[in-house]
1. Consider Ala235 carefully, then state whether it is at pLDDT 95 or above, outside any strand (DSSP E or B) and of a type in the set (A, V, I, L, M).
2. Suppose we filter region 39-96 for residues that are of a type in the set (Val, Ile, Thr) and closer than 22 Å to Cys238 by Cβ; how many remain?
3. Step by step: first the residues of region 261-300, then only those that are surrounded by fewer than 19 Cβ atoms within 10 Å (Cβ to Cβ) and of a type in the set (Gly, Ala, Ser), then the one that is modelled with the lowest pLDDT. Which residue is that?
4. List the number of the failed condition for Ala189; all other conditions in (1) open to solvent by 70 Å² or more (accessible area, probe 1.4 Å); (2) within 22 Å of Val286 (Cβ to Cβ) hold.
5. Quick check on my filter: what residues within region 72-100 are hydroxyl-bearing (Ser, Thr, Tyr) and buried (at least 22 other Cβ atoms within 10 Å of the Cβ)?
6. Select from region 24-55 the residues that are in a loop (DSSP other than H, G, I, E, B), out of contact with any His (no Cβ under 8 Å at 6 or more places or on another chain) and surrounded by 14 or more Cβ atoms within 10 Å (Cβ to Cβ) and list them in ascending order.
Amino acid sequence: MQAAELIAPRTFRLTDMPIEDPGPGEVQVRVEAVGICGSDLHAYSEGGVGSTPNVYPMVLGHEPAGRIVKTGLGVSGLFAGDRGALEPALYCYHCEFCLSGHHNVCANIRFLSNPHYPGFFRELVNLPAVNFLPIPSGMSFDEASLAEPLAIALHSLRLASIHSGETVAVIGAGPIGLLTIAALRAAKAARIWAVEPLAHRRELACGIGADVAIGPGEAIGEILPGTGFRGVDCAIDCAAGEDTTGQAILLARNAGRVVLTGIHSTPFVQMDGSVMRRKELTIFNVRRSNHETEQALELLEAHPEWFAPLLTHTRKIEQIDEAFAIVSQYRDGVGKMIVRP
């Protein structure tokens, strides 16, 4: 099968990879669509994700959807031709964290697209049947590929106990920020501010559910007066920029919450400890998702009109260099880029 390997920063090569028949309890899936994620961009342009360096060659891509071509022994209820979203995290299900319901921090997790565990920028993949989530007949593969990042957004809201009637600032309106805004809309947040430097992303933010979309320089002057100088109930940093976490801390109210969803480029992040202490803020760190993918698919099915404007670009796997160049340079009004293996 054909795969796209990252062999150096900003350098892909197309190669042939072997694949065996699916083992017992597994399905073999033809990958039809894979979204480019922010962490893919870190690996592509920075040589690693946070403090985890790349190990070349490696196959990125962990926002997949596809169609079953074969089933292994013992698989029931799934058949060749079935369409689904694919969960990229392989859990052990027996460590203390899995047994306590914290599967996303499984001690033995294998996340497909990390070093040594090839991701989904390839034609075929074998997965445990439990990692295949069927999708409705009317849902496209492109839409289904949003399930993985939307599940992260839903997990962040669950982690921070966001509820109806709260005010929220979302910093960064890239794909994960936009999906967070959609999740907040579904949760009936009272008012959602999007803070984003790029004009086309501010437009996308308003289309998907933000009440107000403003540039970073306007955030303090707009949001604090807009809340009667109280601050928002929750500030969600989806950008993980040099100053964005500090801005989230300034925007949150006393006894409020700050959620760190984006991945910072460096392992150490500057935060104003005095402001955090005086406000008694609670800081939530988001580690992917924890079985929210089915809820994500339900939301995608219920409101396809919310998400259609986000799906702006597609490229074949042979054009993966161009796809990553467009996304990494924020060119051409790109929202979510889908690669088709």
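The values are calculated or read from the model by the stated rules, or taken from the named source; none is laboratory data. Here the structure is a predicted model, which means the values were calculated and not measured. Here the Cβ is made from the backbone with ideal geometry for all residues, glycine too, and neighbour counts use every protein chain on show. Quick note on the areas: whole protein, heavy atoms, side chains included, nothing else; ligands and nucleic acids left out. Shrake-Rupley method; radii C 1.70, N 1.55, O 1.52, S 1.80 Å.
1. Spelling it out, it is not the case that Ala235 is at pLDDT 95 or above, outside any strand (DSSP E or B) and of a type in the set (A, V, I, L, M).
2. 2
3. Looking at residues that are surrounded by fewer than 19 Cβ atoms within 10 Å (Cβ to Cβ) and of a type in the set (Gly, Ala, Ser), I get Ser265.
4. (1)
5. Tyr91
6. Here is the first cut: in region 24-55, the residues in a loop (DSSP other than H, G, I, E, B) are 24-25, 36-37, 47, 50-51, 54-55.
The next check asks that each one be out of contact with any His (no Cβ under 8 Å at 6 or more places or on another chain); those that pass are 24-25, 36, 47, 51, 54.
Of everything in region 24-55, those that are in a loop (DSSP other than H, G, I, E, B), out of contact with any His (no Cβ under 8 Å at 6 or more places or on another chain) and surrounded by 14 or more Cβ atoms within 10 Å (Cβ to Cβ) turn out to be Gly25, Ile36, Gly47, Asn54.
Let's see how each residue does on (1) over 19 Å from the mean Cα position of the chain (by Cα); (2) under 19 Å from Leu178 (Cα atoms):
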residue	(1), (2)
Val275	yes, no
His291	no, no
Glu301	no, yes
Ala308	no, yes
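Residue-by-condition table, conditions (1) in contact with a helix residue (DSSP H, G or I) (Cβ under 7 Å, 6 or more places away or on another chain); (2) in contact (Cβ under 8 Å) with a residue 40 or more places away in the chain; (3) among the polar types (S, T, N, Q):
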residue: Met1; (1), (2), (3): no, yes, no
residue: Leu6; (1), (2), (3): yes, yes, no
residue: Glu20; (1), (2), (3): no, yes, no
residue: Ala33; (1), (2), (3): yes, yes, no
residue: His42; (1), (2), (3): no, yes, no
residue: Val49; (1), (2), (3): yes, yes, no
residue: Ser76; (1), (2), (3): no, no, yes
residue: Ala85; (1), (2), (3): yes, yes, no
